[in-house]
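For reference, the structure is listed below as structure tokens.
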Amino acid sequence: MLYPDFSAYQRRLKKDAVLPDGFEVGVSSLEFVPPERPNGGMQKMNLGLIRMLRPTASFAGAFSKNAFPGWPIVVGRKLLEGPQIQGVLVNNRVANVGVGGGLEASWRLSKLCSEIFDDPAPYFPSSTGVIGWTLPLKKMEAALTELKGTMGTEMILELAKAIMTTDSWPKVRSRGCGTGRIVGIAKGAGMVEPNMATALAFILTDVDFPRDIGRRVFLEVVNESFNRISVDGETSTSDSVFLLSSCLHSYPGGDEFRDALIEVSSNLAEDVVRNGEGCAHVIRVSVAGASNAAEAHRLARAVANAPLSKLAIRGNDPNVGRILQSLGAECGRLRIELNPERVELGVGGKTVFRNGAFRLGRKMEEFLRDYLKGSELPLPPRGWPAHEKRVEIEIALNMGKASASVIASDLSEEYVRINSDYRS
């Protein structure tokens with residue numbers, strides 16, 4: 001899909017952003033000076049609230065497997081065991097990780113939401129931003145009280161904007177499901193190589209899925225979508241994906257529910273990569289013919305994360321030898337014995353390696369260069385994605401029947417600039 005200007009992207013966003021039945025959302029903001037960096041000036045924080053009009057038992061969550069999780073992750077894991085949930089409170093700018101009193105702050109914010117709205121069930125807390133900063137709890141409490149007057153039942157777009165940090169544009173996706181809908185938003189641009197999910201994603205539906213079945217399907221979908229992306233090979237301390245249902249429409253059956261959920265989740269996951277810090281190309285590495293799925297996934301991820309391959313693609317340089325090198329290096333680490341005569345490598349639908357030898361030359365170089373240029377996104381970003389193209393890298397091992405793919409970004413000077421000056 002092409003987006004020649006922001007208005008074209010905005011039209012698609014507004015179509016997707018209509019809330020499912022039974023939800024309301026609100027946004028507020030505040031300013032604070034972090035005590036950890038008092039000379040850094042005033043900082044702005046956005047608060048967003050997702051609230052169901054009645055509590056639900058049909059909810060699911062997946063959290064970061066980083067061994068140093070944020071305090072909201074600790075609270076979220078506990079709330080996941082409970083009978084009901086009312087919604088989610090999310091803030092940007094401060095991740096609430098590795099700070100004294102952070103656990104108590106997350107619990108306090110969860111309970112305060114229930115008190116302000118007189119709700120019987122708790123709220124998941126969710127935070128993203130700078131690691132090591134303390135939440136400005138008193139100012140957040142005041143902003144929460146003001147937030148109550150902003151709640152609306154129409155669209156989730158303003159919330160998608162409010163949770164952004166280094167994101168360049170909001171990410172919203174939806175799909176019909178039986179007589180109901182599934183709508184999702186996400187944020188994330190850096191520190192993205194999930195080991196469960198993505199930076200933050202909130203998926204809402206009015207489809208009444210059975211809790212046990214929904215949770216099983218949800219984890220499968222997370223593994224096939226959010227766990228198949230990478231921007232920079234870093235797993236965040238705060239990765240979270242939530243699925244909430246207002247239960248107002250009947251369950252259409254497992255296959256239809258799963259298909260709709262995987263479409264929304266996969267599109268959101270790819271949107272995160274496309275909006276990755278310094279991303280000029282979205283890359284999909286597909287590995288087929290592996291001995292097992294785990295092996296296929298490991299090899300696809302190794303190629304997708306290889307710095308030299310990322311840099312070649314960033315420069316529109318058809319240096320495909322780097323791709324084969326990264327594949328061979330990972331096979332060496334895993335002690336997978338490849339038969340070079342059986343391995344095939346394709347880029348953009350063209351075979352560049354087969355029968356143990358590269359198929360390169362002037363015409364192939366020109367094709368690959370033009371293909372990479374045609375898949376490029378502008379840097380710095382315009383504030384919307386110009387298109388949804390991918391660089392397709394296809395690897396056939398011809399050793400078995402398993403396959404997997406990983407979607408990743410290239411590596412640019414813009415990524416270095418952003419992360420060299422992230423807190424400013």
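The values are calculated or read from the model by the stated rules, or taken from the named source; none is laboratory data. What you are looking at is a predicted structure, and each value in this text was computed from that prediction instead of being measured. As a convention, Cβ positions derive from the backbone with ideal geometry for all residues, glycine included, and neighbour counts pool all protein chains shown.
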Scan region 22-52 residue by residue and report those that are among the hydrophobic types (A, V, I, L, M, F, W, C) and closer than 18 Å to Pro125 by Cα.
Phe23, Val25, Val27, Leu30, Met45, Leu47, Leu49, Ile50, Met52
Tell me, which residue of region 1-51 that is more than 24 Å from the chain's Cα centre (by Cα) and hydrophobic (A, V, I, L, M, F, W, C) is farthest from Pro136 (Cα to Cα)?
Met42
Does Gly132 fit the bill of being of a type outside the set (Val, Ile, Thr), surrounded by fewer than 23 Cβ atoms within 10 Å (Cβ to Cβ), assigned to a loop (DSSP other than H, G, I, E, B) and out of contact with any Ser or Thr (no Cβ under 7 Å at 6 or more places or on another chain)?
yes
Wholly within region 329-398, strands (runs of 3 or more DSSP E) carrying at least 2 residues that are touching a residue at least 40 places away in the same chain (Cβ under 8 Å) and surrounded by 15 or more Cβ atoms within 10 Å (Cβ to Cβ):
344-347, 391-396
Just wondering, is there one or more residues in region 104-114 that are in a loop (DSSP other than H, G, I, E, B) and either acidic (Asp, Glu) or without any contact (Cβ under 8 Å) to a residue 40 or more places away in the chain (or both)?
no
Just for region 387-405: of the residues that are over 30 Å from Gln10 (Cβ atoms) and hydrophobic (A, V, I, L, M, F, W, C), which one is farthest from the chain's Cα centre (by Cα)?
Met399
I'd like the full set of residues that are in contact with an Asp or Glu (Cβ under 8 Å, 6 or more places away or on another chain) and surrounded by 15 or more Cβ atoms within 10 Å (Cβ to Cβ), limited to region 24-43.
Val25, Val27, Ser28, Gln43
Filter result for Ala300 (under 20 Å from Arg333 (Cβ atoms) and either assigned by TED's automatic domain parsing to the domain that holds Leu334 or modelled with pLDDT under 95 (or both)):
yes
Of all the residues that make up region 238-265, how many are out of contact with any helix residue (DSSP H, G or I) (no Cβ under 8 Å at 6 or more places or on another chain) and either surrounded by fewer than 24 Cβ atoms within 10 Å (Cβ to Cβ) or of a type in the set (S, T, N, Q) (or both)?
12
Within region 399-422, is there a residue that is in a loop (DSSP other than H, G, I, E, B), acidic (Asp, Glu) and either closer than 30 Å to Pro34 by Cα or free of Cβ contacts under 8 Å to residues at least 40 places away in the same chain (or both)?
yes
Restricting attention to region 266-298, which residues are of a type in the set (A, V, I, L, M) and either surrounded by fewer than 24 Cβ atoms within 10 Å (Cβ to Cβ) or not in a helix (DSSP H, G or I) (or both)?
Ala280, Val282, Ile283, Val285, Val287, Ala288, Ala290, Ala293, Ala294
